[in-house]
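Worksheet: one structure, shown below.
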Amino acid sequence: MNSIQHQKLGSPGAKKSKSKKKIIHFTDVHGLPCIENIVTSVEDTPEPISTVVTGTIPKWINGNFLRNGPGKFEIGNQKFNHWFDGMALLHQFKISSGQVMYKSRFLSSDSYQSNNEHNRIVVSEFGTVTMPDPCKNFFQRFLSRFELPKPTDNANVSFVTYKGDYYVSTESNIMHKVDPETLETITKVDWSKFIAVNGATAHPHNEPNGTTYNMGNSYTPKGAYYNIIRVPPAKKGEGETLEGTTVLCSIPAVDKIKPSYYHSFAMSENYVVFIEQPIKMDLLKIATGKLTGKSISDGFSWNPKLNTIFHVIHKQTGEQSSIQYVAKPLSTFHQINAYEDDGFLVLDMCASDDGQVISNYNVQNLRKCGEALDEVYNTLCRTFPRRFILPLRVDQKAPYNQNLIDLPNTTATAIRMDKNKVFCTHEDLHGEDLHQYGGLEFPQINYSKYNTQPYRYFYGCGFRHLVGDTLIKMDIHGRQMKVWEHPGLYPSEPIFVASPNATEEDDGVVLSVVVTPNKDKSTFLLVLDAKTFEELGRAAVPVNIPYGFHGAFSPSA
């Protein structure tokens, strides 16, 4: 099944580099193809253009497939350092009656406009710190280093919805409301104008009634806090954005000046689960970055001596569980699903045993070729789908040092270590065959019907490269998988769209944007039958699109 025969995935193990610094190699892959062309700046295409459809795109699919990601990596003669820094480029694939039209537009953020106006990078990003304006005199340049960095509003991560409106988001305190039809920027929205937070994730969770939950940090004289945020389901007046938003619960960081980084969180029917992982943010180092010339990413570090902590909060009361759930150190960006089962909370996520992945995604690493590219890949820990099971109640008579989980057909454990402390170990949600595909990331499910509920299927990208190079459908029952792959093609996050009147969980299609560095103008929208994972059709786009992050399907009314 592995179509790239010259790659060889070895067993995980530590090898010593010839350099003085010890570098762990998790794999032994050789001959990775260069992907520089899919992390290259492009022009936007604000006017709709036709695509060439081959195969069949089901006529019942009507709506906009929206995508977000970096599309501009240079301003003037200056370059962004990190993949997360590129200027946000919004994409729309309008699907109707079996045909597809494409358009794209750069987000009209303050960062984008200021950078273009000055023809240089004037707003710091995650991995890029701005230099003082060369037009200022020496004293002005010296003083500017003591200014706090202006937060970026370059929302290049995802499309999200609040109160029925579409926003593009990153992890700062700024989002932008956008028109999903024109991709035009409508208004800038600052979380801190509504609640005391310094940002929010780009992965909120929506309830069936429209209520939305998210998480954001706050930094106070007493230290850092993690906040569970609740946004009302509907607007009370035209032009509303985040009015009525409340903080459901504030959780103090274990380390007051080094809170954990998190990209998302989990939600079941009655609980929110926040995962405090050993990826730490040094607030002092970040705050003084302009003075020291260090970027935000330089303030991130991985501490494998720390446990992972699961914080469980009741969604209605905001009360935090008195039970401390801990696990060995792990790194997670995306959760798959969470649901309650007979007094237990089942928590599924994509996770790895090493948390240094963020620093490796510098633009220069993605643009390497040959042995240098292989070296970057081999020093990245693979990510796999895992299941943890948390007992929601611990009887005071429950035995210590014994597994509290009595659900059938699971190897996950929850060991009572102390009066209110439980140590959890995971079970794998995959078979051995996933290893040959480099693990799995960008997980998606049939969200509208099965989020917070028991489910069977999830979809994701296999990672035999620094970006996804296969699409995978995982069947949790029996740990079976189906794979779509083609050498030289790199599919992005798969999005599930249910068929009309669907009665089965996988009755629908999976949408993914596929790019390749090998030929000019060869991007296409791929449509797979979600049940069989066979290709139904594709719509070729006559312009290049860089590899992006996240998206959403917006059905037509």
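Taking the range 80-118 as the range and being in a strand (DSSP E or B), charged (D, E, K, R) and touching a Ser or Thr at 6+ places or on another chain (Cβ under 6 Å) as the test, only LYS103 passes. Within the range 92-108, the set of residues being under 21 Å from TYR167 (Cα atoms) and either open to solvent by less than 10 Å² (accessible area, probe 1.4 Å) or in contact with a helix residue (DSSP H, G or I) (Cβ under 8 Å, 6 or more places away or on another chain) (or both) comprises GLN92, PHE93, ILE95, TYR102, SER104, PHE106, LEU107.
Count of the range 216-245 residues, restricted to those that are open to solvent by less than 10 Å² (accessible area, probe 1.4 Å) and of a type in the set (Val, Ile, Thr), is 3. Scanning the range 260-283 for residues that are touching a residue at least 24 places away in the same chain (Cβ under 8 Å) and either touching a Gly at 6+ places or on another chain (Cβ under 8 Å) or of a type in the set (Lys, Arg) (or both) returns GLN277, PRO278, ILE279, LYS280, ASP282, LEU283.
Taking the condition of being open to solvent by 10 Å² or more (accessible area, probe 1.4 Å) and not in a strand (DSSP E or B), how many residues in the range 63-79 meet it? So the count comes out to 2.
Of GLN453, GLN444, all but one fail to be over 21 Å from VAL527 (Cα atoms) and either in contact with a strand residue (DSSP E or B) (Cβ under 9 Å, 6 or more places away or on another chain) or not basic (Lys, Arg) (or both); the exception is GLN453. If you go through the range 193-215 one residue at a time, do you hit one that is farther than 28 Å from THR288 by Cα, of a type in the set (A, V, I, L, M) and open to solvent by 40 Å² or more (accessible area, probe 1.4 Å)? No, every residue in the range 193-215 fails to be farther than 28 Å from THR288 by Cα, of a type in the set (A, V, I, L, M) and open to solvent by 40 Å² or more (accessible area, probe 1.4 Å).
For (1) under 16 Å from HIS25 (Cα atoms); (2) assigned to a helix (DSSP H, G or I), each residue gets a yes or a no:
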| residue | (1), (2) |
| --- | --- |
| HIS334 | no, no |
| ALA351 | no, no |
| GLN364 | no, yes |
| LEU380 | yes, no |
| ARG393 | no, no |
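Kindly indicate whether any position in the range 425-438 is polar (S, T, N, Q), in a strand (DSSP E or B) and in contact with a Pro (Cβ under 6 Å, 6 or more places away or on another chain). Within the range 425-438, not a single residue is polar (S, T, N, Q), in a strand (DSSP E or B) and in contact with a Pro (Cβ under 6 Å, 6 or more places away or on another chain).
Note on the range 154-169: residues that are touching a residue at least 60 places away in the same chain (Cβ under 8 Å), open to solvent by less than 20 Å² (accessible area, probe 1.4 Å) and not basic (Lys, Arg) amount to 9.
Scanning the range 219-240 for residues that are part of a strand (DSSP E or B) and either within 18 Å of HIS263 (Cβ to Cβ) or modelled with pLDDT of 95 or more (or both) gives ALA224, TYR225, TYR226, ASN227, ILE228, ILE229, ARG230, VAL231.
The values are calculated or read from the model by the stated rules, or taken from the named source; none is laboratory data. None of these values were measured; they are calculated from a predicted model. Note that we place each Cβ from the backbone using ideal geometry, even for glycine, and neighbour counts take in every protein chain shown. Ligands, DNA and RNA are stripped out before the accessible areas are found, and what is left, the full protein with its side chains, is counted by its heavy atoms. Shrake-Rupley method; radii C 1.70, N 1.55, O 1.52, S 1.80 Å.
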